[in-house]
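**Student:** First the structure, which I've put down as structure tokens, then a few questions once you've had a look.
The values are calculated or read from the model by the stated rules, or taken from the named source; none is laboratory data. Owing to the predicted nature of the structure, the values given are computational and were not obtained by experimental measurement. Cβ: placed from backbone, ideal geometry, glycine included. Neighbour counts: every protein chain shown. Remember, those area values only see protein heavy atoms, side chains included, never the ligands or the DNA or RNA. Shrake-Rupley method; radii C 1.70, N 1.55, O 1.52, S 1.80 Å.
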Amino acid sequence: MNIIAFMKRWTLPSGLVIGAAVYLLFSRIAVLQPVGDAVGPFLVKLLPIVIFIMLYLTFCKIRMDDLRPRIWHFLLQGIRVLMSGTLVLFITQTAEPMTRLVLEGAFICVICPTAAAAPVITEKLGGSIASLTIYTIVANVVTSIIIPLFFPMIEKSAEITFFTAFVLILRRITFVLIVPLCLALLTRKLRPSIAARIKEMRNIAFYLWAFNLAIIMGLTLRNILSTHVSGTILALLLILPLFIALLQFSIGKAVGHRYGDSISAGQALGQKNTVVGIWLTIAFLNPIASIAPCAYVVWQNLINAWQLWYKQKYGALRW
């Protein structure tokens with residue numbers, strides 16, 4: 001198997017490895033550091049633009065009739081709020097600083113809204129793009145409500161109001177989610193021939209996501225390497241997100257299975273917008289806890305890579 005075929009088969013892990021390798025090269029080798037310092041911020045600014053393009057391409061495949069809420073959308077929101085509230089209770093009852101730190105990391109992995117790019121992976125797995133798109137919008141609205149409710153309970157100094165949280169979430173999802181959705185629906189209605197050609201362009205959105213993933217991996221590695229914490233706590237913050245990811249994917253799939261939409265529901269609860277989670281942790285909680293959502297990026301994409309491999313090999317997911 002040549003290297004191109006390997007990267008096509010293992011696109012997401014390849015994106016993770018390439019992102020980590022490029023970051024290390026341009027941050028650790030003195031002669032390359034000026035290039036990294038110049039290009040790095042530019043690549044970070046590209047993230048929302050690439051997400052916009054790949055979601056527009058994906059949303060051109062949606063029918064307007066499919067854009068409706070499902071029962072499982074609200075069941076999963078209830079589960080997410082319950083899990084978040086339970087972790088808040090544990091955190092507030094814990095006086096030991098290191099234990100609180102680990103619990104805060106777990107909390108942010110749960111409360112994060114669904115990733116805007118989740119519909120791209122859902123399409124590859126055979127799930128419903130439309131269903132997950134509506135869920136993502138609902139999840140972000142719920143997140144804007146529960147963040148100002150839960151954060152001050154954890155950190156008394158976390159002065160974040162409902163309005164601040166709502167504007168923060170709305171600003172982040174409008175450009176990367178709402179606008180490409182509206183443009184795609186207009187394209188389907190006014191220029192159906194263009195939408196038809198876009199539907200024939202297979203895997204472009206997926207490869208764009210792999211490009212973004214490489215950038216996100218570089219940011220993740222930078223956050224992890226710049227944090228100073230003991231080996232045990234670091235190990236917990238790196239490994240615990242794996243079990244949280246497996247739990248959330250499993251719960252989502254179990255709930256969705258009852259409504260014939262296990263793939264979409266699994267991605268809905270499992271695939272998180274960890275960029276928002278990292279920012280929220282650094283801004284309002286213990287910044288060291290941001291290692292957990294950084295690690296979650298890696299684990300959720302390895303889980304997605306395994307699902308894609310399994311579907312390609314056996315034709316359908318059994319989990």
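**Student:** Of the numbered conditions (1) over 29 Å from I154 (Cα atoms); (2) modelled with pLDDT of 90 or more, L103 fails exactly one; give the number of that condition.
**Tutor:** All conditions pass for L103, except number (1).
**Student:** State all residues of region 108-150 that are aromatic (F, W, Y) and either over 21 Å from the mean Cα position of the chain (by Cα) or crowded, with 24+ Cβ neighbours inside 10 Å (or both); if no residue qualifies, say none.
**Tutor:** Matches in region 108-150: Y135 only.
**Student:** Restricting attention to region 166-223, report how many residues are among the basic types (K, R), farther than 21 Å from I137 by Cβ and either in contact (Cβ under 8 Å) with a residue 12 or more places away in the chain or in contact with a Phe, Trp or Tyr (Cβ under 8 Å, 6 or more places away or on another chain) (or both).
**Tutor:** Within region 166-223, residues that are among the basic types (K, R), farther than 21 Å from I137 by Cβ and either in contact (Cβ under 8 Å) with a residue 12 or more places away in the chain or in contact with a Phe, Trp or Tyr (Cβ under 8 Å, 6 or more places away or on another chain) (or both) number 2.
**Student:** Of the numbered conditions (1) in contact with a Ser or Thr (Cβ under 8 Å, 6 or more places away or on another chain); (2) closer than 29 Å to L185 by Cα; (3) of a type outside the set (A, V, I, L, M), R63 fails exactly one; give the number of that condition.
**Tutor:** Among (1) in contact with a Ser or Thr (Cβ under 8 Å, 6 or more places away or on another chain); (2) closer than 29 Å to L185 by Cα; (3) of a type outside the set (A, V, I, L, M), the lone unmet condition for R63 is (1).
**Student:** Looking at A292, A265, A254, can you tell me which residue is among the aliphatic types (A, V, I, L, M), surrounded by fewer than 21 Cβ atoms within 10 Å (Cβ to Cβ) and out of contact with any strand residue (DSSP E or B) (no Cβ under 8 Å at 6 or more places or on another chain)?
**Tutor:** Going through A292, A265, A254 in turn, the sole match is A254.
**Student:** While we're here: Given the criterion more than 20 Å from L12 (Cα to Cα) and surrounded by 14 or more Cβ atoms within 10 Å (Cβ to Cβ), identify the matching residue among L213, L280.
**Tutor:** Answer to the check: L280.
**Student:** Could you grab me the full set of residues in region 194-209 that are out of contact with any Gly (no Cβ under 9 Å at 6 or more places or on another chain), in a helix (DSSP H, G or I) and either open to solvent by less than 70 Å² (accessible area, probe 1.4 Å) or at positive phi (or both)?
**Tutor:** Residues satisfying the conditions are I194, A195, A196, I198, I204, A205, F206, L208.
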